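The values are calculated or read from the model by the stated rules, or taken from the named source; none is laboratory data. No experiment lies behind these values; they were computed from the predicted model shown. Counting neighbours? That spans all protein chains shown, and the Cβs are built from the backbone with ideal geometry, glycine included. Quick note on the areas: whole protein, heavy atoms, side chains included, nothing else; ligands and nucleic acids left out. Shrake-Rupley method; radii C 1.70, N 1.55, O 1.52, S 1.80 Å.
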There are 2 protein chains.
Amino acid sequence: MRHSQTMIPTLKEIPSDAEIKSHQLLLRAGYMRQIASGVYSYLPLGNKVIKKVEAIVRDEMEKAGFFEMLMPALQPSELWKDTGRWYTYGSELMRLNDRHDREFALGATHEEIITSIVRDEVKSYKKLPLNVYQIQTKFRDEKRPRFGLLRGREFIMKDAYSFHTSKESLDEVYDRVFQAYTNIFSRLGLNFRAVIADSGAMGGKDTHEFMALSDIGEDTIAYSDRSNFAANIEMAPVSVTYEKSDEEIQEREEVDTPGQKTMEEVANFLSLPIEKGIKSLLFKIDDAYVLVLCRGDHEINDIKLKNIYQASEVELATPEEAKEHLGADFGSLGPVGVENIEIIADTAVQAMVNSYCGANENDKHYINVNPDRDFKVSQYADVRFIQEGDPSPDGQGTIKFAQGIEVGHVFKLGKLYAEKLGASYLDEQGKQQTMTMGCYGIGVSRVVAAIVEQFHDDKGIQWPKSVTPFDVHLVAINPKKEDQAELAEQLYNQLSDQGYEVLYDDRTERPGVKFADSELIGLPIRITVGKRASEGIVECKLRENGEQLELNITDLTEYLERFFA
Amino acid sequence: MRHSQTMIPTLKEIPSDAEIKSHQLLLRAGYMRQIASGVYSYLPLGNKVIKKVEAIVRDEMEKAGFFEMLMPALQPSELWKDTGRWYTYGSELMRLNDRHDREFALGATHEEIITSIVRDEVKSYKKLPLNVYQIQTKFRDEKRPRFGLLRGREFIMKDAYSFHTSKESLDEVYDRVFQAYTNIFSRLGLNFRAVIADSGAMGGKDTHEFMALSDIGEDTIAYSDRSNFAANIEMAPVSVTYEKSDEEIQEREEVDTPGQKTMEEVANFLSLPIEKGIKSLLFKIDDAYVLVLCRGDHEINDIKLKNIYQASEVELATPEEAKEHLGADFGSLGPVGVENIEIIADTAVQAMVNSYCGANENDKHYINVNPDRDFKVSQYADVRFIQEGDPSPDGQGTIKFAQGIEVGHVFKLGKLYAEKLGASYLDEQGKQQTMTMGCYGIGVSRVVAAIVEQFHDDKGIQWPKSVTPFDVHLVAINPKKEDQAELAEQLYNQLSDQGYEVLYDDRTERPGVKFADSELIGLPIRITVGKRASEGIVECKLRENGEQLELNITDLTEYLERFFA
């Protein structure tokens, strides 16, 4: 591709609304342009990267035994009403009416469509398992689209679905996709972790997220420093055996704590370690109030609460509700004397001795509080967030935290959608059975951003070879000089014939501009044709580490073969 | 691909709402399913054909010097308001509001987006011409979606755009795309014609449609039986030299024609040839009334009127309007005595002698009417439809009609969009100039339907080799027999290794079912492994002509090489 003929509008300035590196660099290096908030056009370079990512995804999905199909963006509301998501998806689901006033959703995901197709077309166990995928454009009206391709409103996704007669068959395909994803993200060059995740609004159980590690990731990953264990912090189980101290049990006592509200304030005021405090939060779980306790230095994890209660909504009660049901403001709540409200406590609480907690009266706390003696807990359970330094739940090593960008997700959906949409089959005995499903996504456009987050320096992008828009950046320092133009043209043809994709900077710009653009664009290798052109000498420079050398063009083929091997 | 593992839901019955062959066969052979009116899912086979068409389109567009990009479906209304199409496109343009109540169009086409991008990014003549394309999903809310993929509401299109500093540069690229399209449709195997077309709502001038010839096509093509001339009937110019007869001019006379309204009725009633009648129609052209005349055996072409008057709307006046302005009902209108209303006549009228026409009084006609003596014509022009038997406008041969399916379209847009959106550049003198544009579309999903219309018999589809979803249909008659299963597996692996795409029917269905499905699905060649499997003998059958022969598997490689050469 000749630079002069295509559109690579590089920018010197950092666009003001681009907060993160991938957003800045993809704009600055001319890969894309914003059309509306969260909506982008991929310019020629950006499109090439997208297509390379797609090709890798396709290849591995096919190897995993998945068949590609293509479903529409326009989805009749009826199907979404059947699963109930028309009502629960909220304003993230884009909706429109056609000219006959029929309601449609713009596909945010395709469980409804694929399940209805399979329901209509697959009737026998003989045709299962069935594994299909597509690469297609999705629409989600994010409240705050930002970070460029990381959180857009129109984006490219690979979504895959599998249908099964049994949990075992699902497990087998799930593992296969897990391996395919591992292959895909490895080939993409990403530093990633597969982490245990929460299934959120998708309604499944067993699920993993594939996280590209990055400081700007919005998800926190808890991982072991000595094993493969990794989980989204929302889901990471805590498996600590808490030892009860052998200190003597004291009489409970009420103390004044004027103006002391947070755990830290009260601990300081009472000169007691924060681990001795019981944190008490009133939650509304679906329609019931539950008082949730944990140790003062821990944080309550509402996802765990949601799972324990199999609830559809978990939220902190309002200050007014706390006042009404417990008689005090936030900061003075506690379990002592609470009746008619269920109390659940983190397992750590069970081992606490002579603790302190709010007295359900403003500016009052109890000290020397002891569980079971001073209050009744209906259930001890793992309800807190894991912390750095906790032992890894798999028993190997210690937990550390990292930030991650979710680039893929595999779910065991189970029978939820199949039941709601009536996707059943006849088993070997001729009995009607509900299908079991899995679903598997990769954010194709988001992957591009994640790669740039991991592969850049202060001068620009540093593409991995597998997804670089072009292999070689051929730069003629001064294409007006005949020897340079001639050699550059010759190399352009020769390298293209050898199967390399070459971006040829044939512009009559200053060398400084060309070099800066080249670093910004970030192809793996730059070949510069300059003043030694007449001798057949060019300069090769590697983008990943800045290594450069002069090379006789007779040695170029071998050099490139080795580099791209 | 193993049939048993994928989803190819063939149907015995013709779906009741599928009127044409391609719609019927693509449904029956399991290539696609309808999700909503005019909205389809492509199942694995259908997706494969789509991807093959896309690959051919991509290849030729790249060779023609176009760069691929990818623009979004969500398009801010502001851009469509700038070009005015927000108001003129009507209900075919799908619209929606986002969560913040901002208006969006779902891209029916991308002139607005690409022109705004180029406006913002390309400022100098040095960066022109610029040629870009995309393959992307379009949305048009057709009033009557029908004929399956021929007229859908969500469909795949290749759209391309070019930007120029001059008409000559546009001409050059237009010709290149014209050649690329010729290559594409030839490689797709289509019997097609490039025809001169009307630019319709797109607002350009020079334009050609690429028509796949088919009886079910909704467009009529007028073509020469002796040259390359072809035009959409809407646009075909009429170039006939009409000879004035030398009969003696008679006195005009009013005659009673009670109840005689159509040209035929009046001709019969008066015992005069219909070619002696003057057809008189009152049109409303933008806001003015115009009386349009042609010979009785001709038809008036409102597109020609529109072009002559450079009007935005041309419609027939209502009976009430005719009565008000001319004093009679339809069937008795005529030019004699008409004042204050412009009269335009087809050039054929100029040569008419002693004609008859309506007298602007119900049930009355004039005979022996002569133009210029009896009424004044403001302009003689080509305003009629060409007819079969007319001489070809290029002077070679005679016009014949054929029906066509529009599969591609090339336009010289000129400066229309660039002006409305302010896409300008600085020329070599540093002067600001408006860009000149071309745009070029191919209906990718429609092409698939057009191919099936041309390539089928009463048993099913007969794919051309270039777009067939698989090269070879491998059928094991009875895969439960060990020798058949073994040989089929061996061939499946061998042919796949040799680079053929093989659909392997490994089902335990009756042979009749498998053969019927095979003809329906329509791969170019079927290889049947049957009772002579143990001898290494298979049967090869060509789908295009039913030719079949038995072959030793040792000869298979050579046979296939020759067939697919």
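A few points about this structure:
- Entry remark, segment A:158-190: residues being open to solvent by 30 Å² or more (accessible area, probe 1.4 Å) and either among the aliphatic types (A, V, I, L, M) or in contact with a helix residue (DSSP H, G or I) (Cβ under 6 Å, 6 or more places away or on another chain) (or both) number 3 in total.
- Residues of segment A:415-465 satisfying the condition of being among the basic types (Lys, Arg) and in the same structural domain as residue A:43 (by TED's automatic domain parsing): A:415, A:420, A:431, A:446
- Within segment A:139-178, if we keep just the residues that are of a type in the set (Gly, Ala, Ser) and more than 10 Å from every other protein chain (Cβ to nearest Cβ), the residue that is nearest to the chain's Cα centre (by Cα) turns out to be A:148.
- Matching residues in segment B:25-57 - criterion: being at the interface with chain A (Cβ under 7 Å from one of its Cβ atoms) and among the β-branched types (Val, Ile, Thr): B:35, B:39, B:50
- Options B:168, B:142: the member that is in contact (Cβ under 8 Å) with a residue 24 or more places away in the chain and in the same structural domain as residue B:440 (by TED's automatic domain parsing): B:142
- Of all residues making up segment A:96-106, the number that are facing another protein chain (nearest Cβ under 10 Å) and closer than 21 Å to residue A:420 by Cα: 2
- Condition met for residue A:112 (farther than 24 Å from residue B:132 by Cα and outside any loop (DSSP other than H, G, I, E, B)): yes
- Exactly one residue out of B:261, B:304 is open to solvent by 50 Å² or more (accessible area, probe 1.4 Å) and modelled with pLDDT under 95, and it is B:261.
A quick yes/no check of all residues on (1) open to solvent by 30 Å² or more (accessible area, probe 1.4 Å); (2) more than 37 Å from the chain's Cα centre (by Cα); (3) farther than 19 Å from residue A:497 by Cβ:
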| site | (1), (2), (3) |
| --- | --- |
| A:529 | no, yes, no |
| A:536 | no, yes, no |
| A:558 | yes, yes, no |
| A:564 | yes, no, no |
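- Filter result (closer than 19 Å to residue A:6 by Cα and outside any helix (DSSP H, G or I)) within segment A:479-504: A:479, A:500, A:501, A:502, A:503, A:504
- Pairs where the first residue, in segment B:1-17, is at the interface with chain A (Cβ under 9 Å from one of its Cβ atoms) and the second is of a type in the set (S, T, N, Q) and open to solvent by less than 60 Å² (accessible area, probe 1.4 Å), C-beta under 8 Å, 6+ apart: B:5/A:131
- The lone exception for residue A:247 - which of (1) modelled with pLDDT of 95 or more; (2) exposed (fewer than 15 other Cβ atoms within 10 Å of the Cβ) it fails: (1)
- Of the residues making up segment A:334-356, those that are open to solvent by less than 10 Å² (accessible area, probe 1.4 Å), aliphatic (A, V, I, L, M) and closer than 21 Å to residue A:285 by Cα are A:343, A:344, A:345, A:349.
- Residue A:222 being in contact with a His (Cβ under 9 Å, 6 or more places away or on another chain) and outside any helix (DSSP H, G or I): no
- Just so you know, in segment B:108-130 the residues that are among the basic types (Lys, Arg) and more than 9 Å from chain A (Cβ to nearest Cβ) include one that is least open to solvent (accessible area, probe 1.4 Å), and it is B:119.
- Strands (runs of 3 or more DSSP E) within segment B:505-565 that include 2 or more residues touching a helix residue (DSSP H, G or I) at 6+ places or on another chain (Cβ under 6 Å): B:525-529
- Subset tally (residues that are within 21 Å of the chain's Cα centre (by Cα) and farther than 24 Å from residue A:446 by Cα) for segment A:228-243: 4
- Meets criteria (modelled with pLDDT of 95 or more and of a type outside the set (A, V, I, L, M)) for residue A:193: no
- Residue in segment B:131-138 that is more than 30 Å from residue B:453 (Cα to Cα), surrounded by 20 or more Cβ atoms within 10 Å (Cβ to Cβ), within 12 Å of chain A (Cβ to nearest Cβ) and not aromatic (Phe, Trp, Tyr) present: yes
- Count - residues of segment B:266-287 that are in a strand (DSSP E or B) and more than 32 Å from the chain's Cα centre (by Cα): 2
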